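Just below is one structure, and these are the notes that go with it.
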Amino acid sequence: MTYTGEVKVGGPADVHELKDLMITKIAVGPMDNNAYLLRCRATDEQLLIDAANEAGTLLGMIGDDGIASVVTTHQHGDHWQALAEVVAATGARTHAGREDAPGIPVPTDVLVDDGDVIRVGRVELTARHLVGHTPGSIALVYDDPHGHPHVFTGDCLFPGGPGRTTRPQDFESLMSGLEAKVFVLPDETWIYPGHGNDTTLGAERPHLGEWHKRGW
């Protein structure tokens, strides 16, 4: 079946099958968070992005193979409610942005900076530090050698605009980071956000001017 990225809390996961990587997306409540399970096809190693909530749901998706790592995109509580239970059950190493790690009440094994590479099997994900939604938000870029890039943006970019900011300087910082580190990628780049449906950079790029004008 064709991947759409349209998932609902309590519903089935959706699977995006790439040549080297399988991406499973699931929604968990109560704040309609997305969690993503990445599986290297060559090694079967797995990595989870955002143990947001519903540990039982996430562990069921992970299955008996477990996960080697879990990455928390940022420090907001709706993105780590299941982190302690998932780590306890799997022994996974934890990753988070250096500036946000102190706000996550589960110890962070690997502090992530801009440009750092996080591996899942033979697949490499490049971290992009984006300041504005939180001080230490990170996006993860998979530059698929067989196709277009795929970016897991947490709450920094959604269909229709950037993530929530509370001060004009935070908005400008987030927009600057997105334009310098994410929108430099091609239009075909697939965006996997922390909530809601997926999008592409091509769908969002024409609206950058509107976002700047409205200030959110």
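To the nearest 20 debye, what charge dipole does the chain have about its Cα centre, counting +1 at the Cβ of each Lys and Arg and -1 at the Cβ of each Asp and Glu?
In total the dipole reaches around 240 debye.
Return a whole-number percent for the relative contact order of segment 14-214, with Cα pairs under 8 Å and 6 or more residues apart as the contact set.
14
Among the aspartates and glutamates, which fall within straight-line cross-link reach of Lys8, defined as a Cα-Cα distance under 12 Å, with same-chain neighbours fewer than 8 residues apart omitted?
Lys8 reaches Asp32.
Between Tyr3 and Leu111, what is the label-to-label distance in nm when each label sits 7 Å out along the Cα-to-Cβ direction?
Inter-label distance under the simple model: 3.3 nm.
Please give the contour-minus-distance gain from Asp20 to His146: 0.36 nm per residue of separation, less the Cα-Cα distance, rounded to one decimal in nm.
Here the segment from Asp20 to His146 would lengthen by 44.5 nm.
Using the Karplus curve 6.51 cos²θ - 1.76 cosθ + 1.60 with θ = phi - 60°, work out ³J(HN,Hα) for each residue of segment 71-77 in order, rounded to whole Hz, and write x for Gly and Pro.
Couplings: 10, 9, 5, 6, 7, 5, x Hz.
Running a GNM on the chain with Cα contacts under 10 Å, which residue among His133, His195, His148 ends up with the highest mean-square fluctuation?
His148
Once the Cβ-Cβ distance between Ala42 and Glu188 is put in as r, and R0 is 22 Å, what FRET efficiency do you end up with, to the nearest 0.05?
Working from the Cβ atoms, E equals 0.40.
Taken together, the values in this text are just the output of simple stated rules run on the coordinates, not laboratory data. What you see is a predicted model, and the numbers here were worked out from it, not measured in a lab. Note that each Cβ is placed from the backbone with ideal geometry, even for glycine, and that neighbours are counted across all protein chains shown.
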